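The values are calculated or read from the model by the stated rules, or taken from the named source; none is laboratory data. This one's a predicted model, so the numbers in the text were calculated from it and none came from an experiment. Cβ atoms come from the backbone with ideal geometry, glycine included; neighbour counts cover every protein chain shown.
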Amino acid sequence: MASTAPFDIGTLVEATPGVYGGRPCLKGTRFPILSVAVHYREGMSAEEILDHYRDLELASIYAGIAYYLANREAIDAELAEEHREYMEALAADRAQRTARASA
């Protein structure tokens, strides 16, 4: 029989110092909300995310999606910053490789 008591979905997301830089993750995992957000933004449903990450729980994935939607602006900004930093590092790496190749 299913419980009729209210369930606090906030208990499914946690930020732990020393785990993923203290950023929010699905509780009891090291799976960051940022990863949930990336998959969700790519059009994946919670069930499709679960298909790729079988160790997760569906309710946790839904909680991660809800957390992302409630904090969309901040998380999208963080993802944009990570993308910018990645592109800068990639460009620097390519420039170093080119410099070495022509030396």
- request: Return the total of residues in the range 47-103 being closer than 16 Å to LYS27 by Cα and either exposed (fewer than 10 other Cβ atoms within 10 Å of the Cβ) or of a type in the set (Gly, Ala, Ser) (or both).
  value: 7
- request: Could you tell me whether TYR40 is within 15 Å of LEU69 (Cα to Cα), of a type in the set (Phe, Trp, Tyr) and either surrounded by 10 or more Cβ atoms within 10 Å (Cβ to Cβ) or at pLDDT below 90 (or both)?
  value: yes
- line: Flagged pairs (Cβ under 6 angstrom, 6 or more apart or on separate chains; first in the range 23-44, under 13 Å from VAL13 (Cα atoms); second of a type in the set (D, E, K, R) and surrounded by fewer than 17 Cβ atoms within 10 Å (Cβ to Cβ)) are LYS27/GLU14; PRO32/ARG23
